[in-house]
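One structure is given below, encoded as structure tokens.
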Amino acid sequence: MSQDTPALKPRKLPVQARSATTVEALHAATIQVLTQQGLARCTTTRIAARAGASVGSLYQYYPNRDALLAAVLARKLSGVSAAVDQACRAQQGQPIAQMAVALTRAFLAAKLRNPDESKALYAVAAQRGGAELIAQAQASMVVSIATMLASAADVHVANPAVTAEVALNALIGSVRALLEGLMSPEVEATLETQLGELLTAYFQTHAVASAAASALARE
């Protein structure tokens, strides 16, 4: 389902500070109900009560529960994407190994800042327009990572876009395994280090030293 489907679009966007506060409270309440009671019991009535608002107030901003859930998911994805983009911009022109470590650290920090929230939103992502929202966020992150890789100071990455997409999915899959309890305590304790090393080796496998790349280009 497209995120532009009318049923999933907010009725209106908050303009005044009071409206923004109400929307923020509704988003926070949605996460609380979702993590504590699950998707099936995450109703507009429970969300409004947790937010200290009336159901009528909720419907001023969202036509239904699915629209609210989509908005909460979109905000989470936007936050992760922004964190990755910021890290990638900061690492442009740096050595490839440093890029790998910084990317890993930024992604894990964004996803694991609130583990219960991230885990609960998997249920939302599986439906209600979630696939399209995820695809858009991932496409944005791939561009950020690819741009960073293309600027590496010490190597030339042959295909930054493909390398970026594979690296991102390695991070996504690892975090999901962690959040769903599929990872051993030993791996969990060293996950950031392990993933940093994994991406470093992968990036280096798909790159050649800058001097060699320049020589090949002249041939």
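Below are the figures for this structure:
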{"read-out": "Listed values [x] 13.9; [y] 11.3; [z] 12.9, entry calculated as mean projected area of the Cα convex hull in nm²", "value": "[x]"}
{"read-out": "For Leu198, Leu68, Leu77, order by how many other beta-carbon atoms lie within 10 Å, fewest first", "value": "Leu198, Leu77, Leu68"}
{"read-out": "Dipole in debye (nearest 20) - the chain, about Cα centre, beta carbon charges: Lys, Arg +1; Asp, Glu -1", "value": "1060 debye"}
{"read-out": "Neighbourhood net charge (10 Å Cβ-Cβ; Lys/Arg +1, Asp/Glu -1) for Gln36", "value": "+2"}
{"read-out": "Likely footprinting exposure, Met99, Met183, Met141, fewest C-beta neighbours within 10 Å first", "value": "Met183, Met141, Met99"}
{"read-out": "Two-site FRET efficiency, Ala40 against Val208, from Cβ-Cβ distance with R₀ of 30 Å, rounded to 0.05", "value": "0.05"}
{"read-out": "Using a Förster distance of 45 Å, the FRET efficiency for Gln92-Ser57 (Cβ separation, nearest 0.05)", "value": "0.55"}
{"read-out": "Extension reserve of the Ala150-Tyr122 stretch, reckoned as 0.36 nm per residue once the Cα distance is removed", "value": "6.9 nm"}
{"read-out": "Angle between the chain longest axis and helix 160-179 axis [Cα atoms, degrees, rounded to 10]", "value": "50 degrees"}
{"read-out": "Ascending count of other beta-carbon atoms within 10 Å, so fewest first, for Thr21, Thr205", "value": "Thr205, Thr21"}
{"read-out": "Principal-axis tilt of helix 65-91 within the chain, Cα atoms, nearest 10 degrees", "value": "30 degrees"}
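Every number here is computed from the coordinates shown, using simple stated rules; none is lab data. No experiment lies behind these values; they were computed from the predicted model shown. Backbone-built Cβ (ideal geometry, glycine too); neighbour counts: all protein chains shown.
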